[in-house]
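Okay, so here's the structure we're looking at.
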Amino acid sequence: MTKLLLSLHVLAALLAIGPVTVAASMFPRTLRRAHSTTGDAEALANLRTLHRICRVYAGIGLAVPLFGFATASSLHVLGSGWLIASITLTTVAAAILGLLILPAQEDALTAAQTPDPGPDVPTAARLAMFTGLFNLLWATVTVLMIVRPGSTTGA
């Protein structure tokens with residue numbers, strides 16, 4: 001059962017978090033293109049698609065910690081330091097995505113469709129910074145899941 005849960009956890013991470021990291025990383029560059037060429041319908045369509053990918057796959061990504069907790073429980077490692085650190089970093093990454101990246105993408109998308117968006121428009125640089133931090137957190141979690149410092153399970 002543990003191998004099945006671990007397989008589902010890894011597959012969910014690859015198939016859900018991977019598309020979010022790629023789409024979120026592409027959004028700032030596409031936003032710059034949309035701002036540089038007024039009325040660029042292709043850039044606006046790409047922004048909408050990238051935002052939709054981020055939003056939908058973020059929801060699907062909720063399966064990752066669910067399978068992760070089930071796997072950790074079956075391995076009896078819920079109290080391990082590496083797992084607690086991973087859970088904390090995953091929570092921070094999810095908060096950055098849900099509270100900073102997705103709302104900023106929505107605001108930027110709305111502003112890109114408005115002739116005079118005003119001063120409160122999220123910048124591509126700020127979105128790139130949030131996305132880079134999100135990606136760095138996921139990379140760190142991935143390394144922790146592989147290396148598992150201090151683990152004695154051998155799995």
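Any idea which residue in the stretch 25-49 is most open to solvent (accessible area, probe 1.4 Å), counting only those that are among the small types (Gly, Ala, Ser) and touching a residue at least 12 places away in the same chain (Cβ under 8 Å)? Working first, answer last.
Initially, the stretch 25-49 is screened for residues among the small types (Gly, Ala, Ser), giving 25, 34, 36, 39, 41, 43, 45.
From what's left, touching a residue at least 12 places away in the same chain (Cβ under 8 Å): 25, 34, 43.
Numbers: 25: 58, 34: 13, 43: 0 Å².
Result: 25.
The numbered conditions (1) assigned to a helix (DSSP H, G or I); (2) open to solvent by less than 70 Å² (accessible area, probe 1.4 Å) are all true for residue 55 except (2).
Taking residues in the stretch 2-18 that are over 17 Å from residue 75 (Cβ atoms), and partners anywhere that are surrounded by fewer than 17 Cβ atoms within 10 Å (Cβ to Cβ) and not hydrophobic (A, V, I, L, M, F, W, C), not one pair has Cβ atoms closer than 7 Å while being at least 6 places apart or on different chains. Return yes when residue 22 is open to solvent by 50 Å² or more (accessible area, probe 1.4 Å) and either within 21 Å of residue 133 (Cβ to Cβ) or of a type in the set (S, T, N, Q) (or both) and no when it is not. It is true that residue 22 is open to solvent by 50 Å² or more (accessible area, probe 1.4 Å) and either within 21 Å of residue 133 (Cβ to Cβ) or of a type in the set (S, T, N, Q) (or both). Scanning the stretch 65-114 for residues that are part of a helix (DSSP H, G or I), open to solvent by 20 Å² or more (accessible area, probe 1.4 Å) and among the β-branched types (Val, Ile, Thr) returns 84, 87, 88, 90, 91, 92, 110. When the residues of the stretch 104-139 are filtered to those that are of a type in the set (Asp, Glu) and modelled with pLDDT under 90, which remaining residue is nearest to residue 28 (Cα to Cα)? Once the filter is applied, the top-ranked residue is 120. Just to be sure before I move on: is residue 49 modelled with pLDDT under 95, assigned to a helix (DSSP H, G or I), out of contact with any Lys or Arg (no Cβ under 9 Å at 6 or more places or on another chain) and over 30 Å from residue 1 (Cα atoms) in the structure I sent? No; evaluated as a whole, the condition is false for this residue.
Among residues of the stretch 51-67 that are within 18 Å of residue 127 (Cα to Cα), those with a beta-carbon under 9 Å from a residue that is polar (S, T, N, Q) and part of a helix (DSSP H, G or I) at least six positions away or on a different chain give the pairs 51/105; 54/105; 55/105.
The values are calculated or read from the model by the stated rules, or taken from the named source; none is laboratory data. From a predicted model like this one, the values you see are computed outputs, not experimental measurements. Please note: Cβ atoms are built from the backbone with ideal geometry, for glycine as well, and neighbour counts cover all protein chains shown. To get the accessible areas, we keep the full protein, side chains included, count just its heavy atoms, and leave off ligands, DNA and RNA. Shrake-Rupley method; radii C 1.70, N 1.55, O 1.52, S 1.80 Å.
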